Amino acid sequence: MTPPLPLLRAGSRVVPTFLVLLVALGCADLGDAPADSELPSLSVNDVTVTEGEPVSFEVVLSEVSDNIVVYSFATGDETASQPADYLLNLGTDTLVAGVTSRTIAVLTNDDAAAEASEKFRVVIRPVLNATITDSLGTATITDNDAVGLVSFSAQVRPLFDNFGCLAQGCHGGGSSEGGLALGDGSYATVRTATGSHGAIIVAGNASASSLYYKTTATPQFGDRMPQFGPLYLSVEQQNLIRDWIDQGAQDN
């Protein structure tokens, strides 16, 4: 038979000994938790790979810690998208005491399309015993299919002529329909042109450039261009503008 718990008398009540110990521990001074300024910090790097190769983001702790460090992470789209270009990865991971780095592995897909470099991100957040220095890592996926350099003078500018963009009353000459003036369509004019929503070209990022996305079926604002469809740019013609911008919007 299990022996009865020892009893202590508290006033007129009889109290089991283990309850007294719990109360004593709760009232004891166990010390203050370390301040944020005393904690090591986490950072994550940027990575460049060729499509089909795995991405290994390195999460680094600023100094050796005697404590377990826990962090969460999640990947997200930029110009690359999942699952077409890479596979989603999210969760939590742990750096045991004395360990200062871990990797976050992300698989990328090798497709047959010739395309410009694309990017996705990973964001890390400290969960336990760490602060953050750099929470954002960017992965650049370079294509392994031949992508010819798109020429502004030979391939992009002719589109303005062919689709009437430089006509008087539209965006050419002295006209600025919708707040956009392309003048004679020269590189200098197009490269620095602004519309009602700011610069129309963000070099290296076609998805943020209205010169590109206003030609697509679902522009982010306003009507699809050219305004008087159904004579719209083909997907191939849209991709010329996209690739030219993603390749740096060069004067070539």
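Here are the numbers for the structure shown:
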read-out: Every residue from the stretch 203-217 that is over 17 Å from the mean Cα position of the chain (by Cα) and either part of a helix (DSSP H, G or I) or of a type in the set (Asp, Glu) (or both); value: 210, 211, 212, 213
read-out: Selection count, the stretch 131-181, where residues are of a type in the set (Ser, Thr, Tyr) and touching a helix residue (DSSP H, G or I) at 6+ places or on another chain (Cβ under 7 Å); value: 1
read-out: Test: residue 159 is aliphatic (A, V, I, L, M), farther than 30 Å from residue 101 by Cβ, without any contact (Cβ under 8 Å) to a residue 40 or more places away in the chain and buried (at least 16 other Cβ atoms within 10 Å of the Cβ); value: no
read-out: Residues being loosely packed, with under 15 Cβ neighbours inside 10 Å and touching a residue at least 60 places away in the same chain (Cβ under 8 Å) - total across the stretch 189-206; value: 0
read-out: Residues of the stretch 58-97 satisfying the condition of being open to solvent by 60 Å² or more (accessible area, probe 1.4 Å), in a strand (DSSP E or B) and under 16 Å from residue 46 (Cα atoms); value: 58, 77
read-out: Residue among 250, 237, 168, 227 that is polar (S, T, N, Q), under 23 Å from residue 80 (Cβ atoms) and surrounded by fewer than 16 Cβ atoms within 10 Å (Cβ to Cβ); value: 250
read-out: Hits in the stretch 218-237 - residues which are of a type in the set (S, T, N, Q) and assigned to a loop (DSSP other than H, G, I, E, B); value: 218, 220, 227, 234
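The values are calculated or read from the model by the stated rules, or taken from the named source; none is laboratory data. In this text, all values refer to a predicted model and were calculated from it rather than measured experimentally. Every residue, glycine as well, gets a Cβ built from its backbone with ideal geometry; the counts of neighbours run over all protein chains shown. Remember, those area values only see protein heavy atoms, side chains included, never the ligands or the DNA or RNA. Shrake-Rupley method; radii C 1.70, N 1.55, O 1.52, S 1.80 Å.
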